[in-house]
């Protein structure tokens, strides 16, 4: 049995190019499989084509077999199923990515996503980032390898480019997830320099207050400024 | 005098023939040009013929939900509980015999319609919608600067993509990895008139192809 838990704060960017019934609004009836703890926030209902910032990892939890801890940025596309993401992961890697269960392992870079409902995942900088590192990230729909694509940058370099025809969407900011395992919460990530971009604009704007719209009681969103916030998953002990 | 009369008679007959021909030509033009956006003439086109049962071979590869790292919030389709739409004179659409049950608020040129026999209540998520047999129809603008739609997806997803003809273009057929409730819809998407058209639902691959061809041809 695969058990996923813990997960981490995320600065999640969901760019959804299409239709949002009423945008992505937390409401009754939401379900996320076996994931018990889940938190995320929506910037607003505007459409964007980019998000960027820095994520500072402030805790380094022990990794337990079968679990993942993820810090990432995410872009969701039409139908609220397809997405792209980039960030850091530790513990159990997703399908196509590596796993690092060694408690002494560091955080690895990763990107993943879904295109037309099919999942993919890849790694970069295996076991590289440590507590206190503050890598930058950016997801932007722009030219990459000769065509317009979603370009996923991390730590100043392009890690992946992909597209399935979508060029803009809605931003979600602040995401954590946990499959219900009740040990070893205590995750803490500080996000700074958070900006968003309207489609085609050459001027980025401040992210604003993006507290999670659907937060488990264990999670805390701390608003710092229009470009900074903290996400925290409290320890259970 | 008889000569003049004959000329007049022939002229009238000729005028009637020309008029009749013109009307027929206009009628033919209208009959062959008033179709759904992006549709093509079905005569002799592979992408308009019915797909045979079990004729499509798909990859058996799958990534279980728990092996996907970044999950998407499985939010309600109609969280406000707005009254479901029904097929009316103003909204007569149906797909695979299902009436339109809900239409997402349009954003620019984007649109999404949900087809289901039952109302879509405030607790129904996409995962439960597809599990209940619903079909969704998604339309959004395609960025021509992003390259060839079908070729791009095939290059990125390999044998998880099956290319099928939809009208006169390549359609991208995929069998989704499981959603939170384990349900695995098929998606068939194609580009026509600068728009991506996609239909999504739990149906056999061949059934999805036939639905798409019914829309495009």
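The values are calculated or read from the model by the stated rules, or taken from the named source; none is laboratory data. Everything quoted here is computed from the prediction, not taken from an experiment. Heads up, the Cβs are rebuilt from the backbone with ideal geometry, glycines too, and the neighbour counts pull from every protein chain shown.
Considering only residues in the range A:74-83 that are in a strand (DSSP E or B) and facing chain B (nearest Cβ under 9 Å), the one that is modelled with the lowest pLDDT turns out to be A:74. Checked against the criterion of being at pLDDT 90 or above, under 15 Å from the mean Cα position of the chain (by Cα) and within 27 Å of residue A:81 (Cα to Cα), the candidates A:175, A:194 yield just one match: A:194.
Of everything in the range A:116-133, what is in a loop (DSSP other than H, G, I, E, B) and on the phi > 0 side of the Ramachandran plot? Give them in sequence order. Result: A:116, A:117, A:132. Summed over the range B:75-93, residues that are more than 22 Å from residue A:170 (Cα to Cα) and either at pLDDT 70 or above or within 14 Å of another protein chain (Cβ to nearest Cβ) (or both) total 4. Mind checking whether some residue in the range A:134-150 is at pLDDT below 90, assigned to a strand (DSSP E or B) and crowded, with 18+ Cβ neighbours inside 10 Å? No - not one qualifying residue is present in the range A:134-150. Scan the range B:137-154 residue by residue and report those that are within 7 Å of chain A (Cβ to nearest Cβ), farther than 10 Å from residue B:191 by Cβ and under 19 Å from the mean Cα position of the chain (by Cα). Scanning the range B:137-154 gives B:138, B:140, B:143, B:153. Scanning the range B:94-131 for residues that are under 18 Å from residue A:117 (Cα atoms) and out of contact with any strand residue (DSSP E or B) (no Cβ under 7 Å at 6 or more places or on another chain) yields B:126, B:127, B:128, B:131.
For the range B:169-189, taking the residues that are at the interface with chain A (Cβ under 7 Å from one of its Cβ atoms) and in a strand (DSSP E or B), the one that is farthest from residue B:215 (Cα to Cα) is identified as B:174.
Specify which of the listed residues (B:166, B:100, B:209) is more than 8 Å from every other protein chain (Cβ to nearest Cβ), over 25 Å from residue A:95 (Cα atoms) and in a helix (DSSP H, G or I).
Result of the check over B:166, B:100, B:209: B:209.
In the set (1) facing chain A (nearest Cβ under 10 Å); (2) more than 11 Å from residue A:164 (Cα to Cα); (3) without any contact (Cβ under 8 Å) to a residue 40 or more places away in the chain, residue B:157 fails one condition alone, (2). I'm trying to understand the selection: among the residues of the range B:158-175, which are buried (at least 21 other Cβ atoms within 10 Å of the Cβ) and more than 13 Å from residue B:208 (Cα to Cα)? Once the filter is applied, which keeps residues that are buried (at least 21 other Cβ atoms within 10 Å of the Cβ) and more than 13 Å from residue B:208 (Cα to Cα), the range B:158-175 yields B:160, B:161, B:167.
Applying the criterion of being without any contact (Cβ under 8 Å) to a residue 24 or more places away in the chain and on the phi > 0 side of the Ramachandran plot to the residues of the range A:140-164, the residue that is nearest to the other protein chains (Cβ to nearest Cβ) is A:146.
Out of the residues in the range B:51-74 meeting the condition of being at pLDDT below 85 and part of a loop (DSSP other than H, G, I, E, B), tell me which one is surrounded by the fewest Cβ atoms within 10 Å (Cβ to Cβ).
Our first condition is that a residue be at pLDDT below 85; within the range B:51-74, this holds for B:66-74.
Okay, now just the ones that are also part of a loop (DSSP other than H, G, I, E, B), so B:68-74.
On the way: B:68: 24, B:69: 26, B:70: 30, B:71: 23, B:72: 27, B:73: 27, B:74: 21.
In this case the residue turns out to be B:74.
Remark: residue B:122 matches the filter, which requires a residue to be part of a loop (DSSP other than H, G, I, E, B), at pLDDT 75 or above and over 28 Å from residue B:206 (Cβ atoms).
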